[in-house]
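*Asks:* Handing you a structure now.
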Amino acid sequence: MSTTLAIIGGGPAGLMAAETARASGIEVDVYDAMGSVGRKFLIAGKGGLNLTHSDDFETFVARYRGRESDVRSWLNKFDATALRTFARGLGIDTFIGSSGRVFPIDLKAAPFLRGWVRRLRAQGVRFHVHHRFSDWDANGALVFDTPDGAIQRHADATLLAMGGGSWPQLGSNGAWVDVLRTRGIEVAPLQAANCGFEVDWSEPMRSRHAGAPLKRIAARLDGAGTAVAGECVISAYGLEGSLIYALSGPVRERIVADGWALLHLDLLPERSTEQLVAALARERGKRSIGEHLRRSIGLDAAKSALVFELLPRTEWINPGRVAATIKQASVRLLRPRPLAEAISSAGGVRFAALDEGLMLRAMPGVFCAGEMIDWEAPTGGYLLTASFASGKVAGAGAVNWLSQQH
């Protein structure tokens, strides 16, 4: 009799687990709540699929703040180089961009996913869409909600790869949290990661400058040592964008501890305060203050608006105060945006609840992978790489466990 593995969730983690298990001769069924697999993967790649990053291994591992040792064990088995080789096996060549991020040559996610699913089908992996997992029944069968009603399916082992709680419209709604908690599994609360944060902007700031980018700046959380360079966007609700996402973990924790977080922005990191004061002190003639900032120091409209937002009008003509604000524009972040809007989520099944093969200690034969586990990473290819790697580890863990049962 053949040995079967049910994989719930058809994202990168679930599909990598399917690839790994099927290569060992396990019969694999992949169930997904949506009408096709990899929906979030496709959306993430809509503006250009950032598959991984070219950081050296130690720098790469350091991106998983607070979970370095755990994720390191995954990356030791499947790292960024392995992922690029895997992509090449699907006919997808990659390149390293100017930021160090790695992309497919055509920048698209769809060819990668189509080629992968086609290969998995050819290998014998069976796909079942519109199957939303709800629980286990009294006999240990998996229960799925389908267009034809609830159905039960038995498997020798189960691998859960249902994602976190971000972008629920694409299938990851976090409903599994309560299911696992009722079975005694310790799950850290799901929280928004790689998300924007709300700021109490004035009405003019919201109405006139929402959507404006803040380019070539640096940001530092109050009390932190090193500033992070990048760019972000002024939104109607506050700040968003890659620079903000990179700091979202520490910012979120500061808000929980203090009720808000103070973010210091250096709007012209290439210029010193002294240089700015000297340039701003020159006669501006009949030019407006905004025009003077643009001509004398190259400050664009969005950055000028932020300076005016933070400084009392009486200080706008004070070169020292304006320069100091440009070098340290201190913005109070009040709260993260809702989890449903976040790129990814923090929290999930705690590592203590899992063994080295990512099997639940309290539920032998049940494995977890991907964003369901309690880790987070910034954008830049780190999220995807660890998701793939966790699927590889969990798939191998399932194969090993099944081999011991039969």
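Just so it is clear, none of the values below were taken in a lab; they were calculated from the coordinates. Note that the coordinates shown come from a computational prediction; the quantities given were computed from them, not determined experimentally. Cβ atoms come from the backbone with ideal geometry, glycine included; neighbour counts cover every protein chain shown.
*Asks:* Using DSSP, restrict attention to beta bridges with both residues in the chain and report what percent are antiparallel, rounded to the nearest 5. Walk me through the numbers before you get to the answer.
*Replies:* Numbers: 41 of 57 bridges.
Rounded to the nearest five, the antiparallel share is 70 percent.
*Asks:* Calculated FRET efficiency, Lys286 and Ile317, Cβ-Cβ r, R0 22 Å, to nearest 0.05?
*Replies:* On the way: r = 14 Å, r/R0 = 0.63.
After rounding to 0.05, the efficiency reads 0.95.
*Asks:* Right, another one. Separation between the Arg118 and Leu90 pseudo-spin-labels, each 7 Å from Cα along Cα→Cβ, expressed in nm?
*Replies:* Label at Arg118, label at Leu90, 1.2 nm between them.
*Asks:* Using the 2.2 N^0.38 Å rule of thumb for compact globular proteins, work out how segment 47-202 stacks up: its C-alpha Rg over that value, please. Mind showing how you got there, number by number?
*Replies:* Details: Rg = 19.3 Å, N = 156, 2.2 N^0.38 = 15.0 Å.
Relative to the 2.2 N^0.38 Å estimate, segment 47-202 comes out at 1.29.
*Asks:* Still on this structure: For segment 197-336, what relative contact order do you get, as a whole percent, if you take Cα pairs closer than 8 Å and at least 6 residues apart?
*Replies:* This gives 31 percent for segment 197-336.
*Asks:* Still on this model: Taking neighbour Cβ counts within 10 Å as the exposure measure, how do Asp29, Asp300, Asp178 sort from fewest upward? Mind dumping the intermediate values first?
*Replies:* Working: Asp29 18, Asp300 15, Asp178 11.
In increasing order of surrounding Cβ atoms, one gets Asp178, Asp300, Asp29.
*Asks:* Can I ask one more? Could you give the nm distance between label points at Ala324 and Ala188, where each point is 7 Å from its Cα heading toward the beta carbon?
*Replies:* For Ala324 paired with Ala188, the spin-label model returns 3.9 nm.
*Asks:* Can I ask one more? Mind sorting Asp222, Asp258 by how few other Cβ atoms lie within 10 Å of their own Cβ, fewest first? Intermediate results must be reported in sequence, preceding the final value.
*Replies:* Numbers: Asp222 13, Asp258 10.
Lowest to highest Cβ neighbour count: Asp258, Asp222.
*Asks:* I would also like to ask the following. Can you tell me which aspartates and glutamates have their Cα less than 19 Å from the Cα of Lys46? Leave out same-chain residues fewer than eight positions away.
*Replies:* Within the straight-line cut-off, Lys46 pairs with Asp93, Asp106, Glu240, Glu341.
*Asks:* Would you mind ranking Leu49, Leu310 so that the residue whose beta carbon has the fewest other beta carbons within 10 Å leads the list?
*Replies:* In order of increasing Cβ crowding within 10 Å: Leu310, Leu49.
*Asks:* Which peptide among 89-95, 362-368, 349-355 comes first, and what is the full order, when sorted by highest mean count of other Cβ atoms within 10 Å? Display every interim value, and only then the final one.
*Replies:* On the way: 89-95: 14.1, 362-368: 19.9, 349-355: 17.0.
The densest-packed peptide leads the list: 362-368, 349-355, 89-95.
*Asks:* For segment 304-394, run through the GluC sites (Glu not before Pro) and keep only the ones in DSSP coil with at most 15 other Cβ atoms within 10 Å of their Cβ.
*Replies:* Working: sites: Glu309, Glu315, Glu341, Glu356, Glu371, Glu376; in loops: Glu356, Glu376.
Counting only loop positions with at most 15 other Cβ atoms within 10 Å, the GluC sites (Glu not before Pro) in segment 304-394 are Glu356.
*Asks:* Report the local net charge at Trp260: Lys and Arg +1, Asp and Glu -1, summed over other residues whose C-beta lies under 11 Å from its C-beta. Numbers along the way, then the final one.
*Replies:* On the way: positive: Arg254, Arg332, Arg335; negative: Glu198, Asp200, Asp222, Asp258.
The answer is -1.
*Asks:* When the chain is fully extended, how far beyond the present Cα-Cα distance does Arg153 get from Asp200, taking 0.36 nm per residue of separation? Each step should come with its number before you reach the end.
*Replies:* Values: separation 47, 0.36 × 47 = 16.92 nm, distance 5.06 nm.
Between Arg153 and Asp200, full extension yields 11.9 nm more.
*Asks:* Give me the distance in nm between label points sitting 7 Å out from Cα along the Cα-to-Cβ direction at Ala352 and Asn76, one decimal.
*Replies:* Here the answer is 2.2 nm between the modelled labels.
*Asks:* Let me ask another. So what are the ³J(HN,Hα) numbers for segment 132-145, from phi and the Karplus equation (6.51, -1.76, 1.60; θ = phi - 60°), rounded to whole Hz, Gly and Pro as x?
*Replies:* 9, 5, 10, 4, 9, 8, 5, 9, x, 7, 6, 10, 10, 8
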